[in-house]
Amino acid sequence: MLRYLFWLFQFILFFLLLGFTLKNSNPVAVSFFLGYQWQTPLVLALLVFFVGGAILGVMACLAYVLKLRREILSLKKDMRSKSAAQPAIEHSDAVL
């Protein structure tokens, strides 16, 4: 049942995006610096800039994620060294 619901969702999403593409197929001029201009359909310009923004966002978060991974690795190393330095507790000497 869930699989059919997922296929229905994909079908509806496909037709919504297709309709969006057909409604926004008019050419636009994107102007850059030094007089450079790019003539393209509006939907393609939106797609290019959306993907570019997503890539930049992931790259911005990547440095923070890598920093956290290095910190986790160093903390794990510290835990291993501290647990190896402490002697094992014998349970026969424990007072109940």
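Rule-based calculations on the coordinates, nothing more; no lab input. For clarity, every value in this text was computed on a predicted model and none was experimentally measured. Cβ sites come from the backbone with ideal geometry, for glycine too, and all protein chains shown count toward neighbours.
For the chain, the longest principal axis of the C-alpha atoms and the axis of helix 2-23 are separated by about 40°. Secondary-structure-derived ellipticity at 222 nm for the chain, considering helices only, amounts to -25000 deg cm²/dmol, per-run term -39500 (n - 2.57) for DSSP H runs with n ≥ 4. When each of the peptides 36-43, 4-11 is scored by how many other beta carbons lie within 10 Å of its residues on average, the order from highest to lowest is 36-43, 4-11. Say the dipole of the chain comes from +1 at the beta carbon of Lys and Arg and -1 at that of Asp and Glu; which of Pro41, Gly53, Phe11 then lies farthest toward its positive end? Among Pro41, Gly53, Phe11, the one farthest towards the positive end of the dipole of the chain is Pro41. Assuming charge only on the beta carbon of Lys and Arg (+1) and of Asp and Glu (-1), the dipole of the chain about its Cα centre is about 160 debye to the nearest 20. Rounded to the nearest 10 degrees, the inclination of helix 42-85 to the longest alpha-carbon principal axis of the chain is 0 degrees.
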